[in-house]
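Working notes for the structure below.
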Amino acid sequence: MLKIKNRNQLKVIVEKLKKQNKKVVFANGCFDLIHVGHIRFLKSAKKKGDVLIVGINSDSSTHKIKGKGRPIINEKQRAEILASFEFVDYVTIFNETTVEKTLKILRPHFHAKGTDYTKDTVPEKETSRKYGIKIVIVGDKKKHSTKDIIKTIIERYKK
């Protein structure tokens, strides 16, 4: 898909966008089973700039973060799902458990994180400061989770 790029391809794109005075927003997550919280987070992130790049954790980094049985959906399919949203401009997959390396490469204007973070608890806060990337907290209150959806599915289909 045309929206799915590696980080080096995106670096070139971001540099061109900046020359056009476009504001670039970067948001990230595992996005294993898409739910309304993800949609609200990404739509809110997009409102902070002109271009939204979404980084998704690879299968191996999702497993490290989320544990046994995860991800449910593989990285290529998750990337394709996210790329299909009109409010998402680009998608990239990264192998690390944090996006520090991705932020160093892309250097977007904004680093969007969900409301389960504060500007002080964002894991990449020092990297963001070092490169002049503004941290923005976006989306609705964290009331939705893939873990809860999986739990509901298991409970309903046990019988």
- Checking A112 against (1) under 15 Å from the mean Cα position of the chain (by Cα); (2) loosely packed, with under 15 Cβ neighbours inside 10 Å, which test does it fail? (2)
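This table checks each residue for (1) more than 11 Å from the chain's Cα centre (by Cα); (2) more than 22 Å from S128 (Cα to Cα); (3) not small (G, A, S).
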{"site": "A27", "(1), (2), (3)": "no, no, no"}
{"site": "K47", "(1), (2), (3)": "yes, no, yes"}
{"site": "D50", "(1), (2), (3)": "yes, no, yes"}
{"site": "K76", "(1), (2), (3)": "yes, yes, yes"}
{"site": "A79", "(1), (2), (3)": "no, yes, no"}
{"site": "F87", "(1), (2), (3)": "yes, yes, yes"}
{"site": "E100", "(1), (2), (3)": "yes, no, yes"}
- Query: Restricting to the stretch 119-143, what's the tally of residues that are under 16 Å from the mean Cα position of the chain (by Cα) and not basic (K, R)?
  - Reply: 11
- Query: Out of all the residues in the stretch 35-65, which are closer than 26 Å to Q20 by Cα and polar (S, T, N, Q)?
  - Reply: S44
- Message: Could you check the stretch 86-109 and list, in sequence order, the residues that are surrounded by fewer than 20 Cβ atoms within 10 Å (Cβ to Cβ) and in contact with a Leu (Cβ under 7 Å, 6 or more places away or on another chain)?
- Response: F87
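Give the stretch 117-146 a look and list any residue that's among the charged types (D, E, K, R) and under 24 Å from H35 (Cβ atoms), or say none. Can you show your working first?
Taking the stretch 117-146 as the starting set, the residues that turn out to be among the charged types (D, E, K, R) are 119-120, 124-126, 129-130, 134, 140-143.
E124, D140, K141, K142, K143, listed by residue number.
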- Query: Has the stretch 9-19 got at least one residue that is crowded, with 17+ Cβ neighbours inside 10 Å and within 20 Å of I150 (Cβ to Cβ)?
  - Reply: no
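Among R78, R70, R156, which is the only one that is surrounded by 13 or more Cβ atoms within 10 Å (Cβ to Cβ) and assigned to a helix (DSSP H, G or I)?
R78
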- State the number of residues belonging to the stretch 24-54 that are part of a strand (DSSP E or B), surrounded by fewer than 24 Cβ atoms within 10 Å (Cβ to Cβ) and free of Cβ contacts under 8 Å to residues at least 60 places away in the same chain. 1
- Message: Would you confirm, using the coordinates I've provided, whether G139 is out of contact with any His (no Cβ under 7 Å at 6 or more places or on another chain), assigned to a loop (DSSP other than H, G, I, E, B) and without any contact (Cβ under 8 Å) to a residue 40 or more places away in the chain?
- Response: no
- Read through the list (1) closer than 25 Å to I153 by Cα; (2) outside any strand (DSSP E or B); (3) touching a residue at least 12 places away in the same chain (Cβ under 8 Å), then give the number of the only condition that V88 fails. (1)
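Values in this text are rule-based calculations from the coordinates and carry no lab data. Just so we're clear, the structure is a prediction, and the values are computed from it rather than from any experiment. FYI the Cβ positions are ideal-geometry reconstructions off the backbone, even for glycines, and counts take in every protein chain you see.
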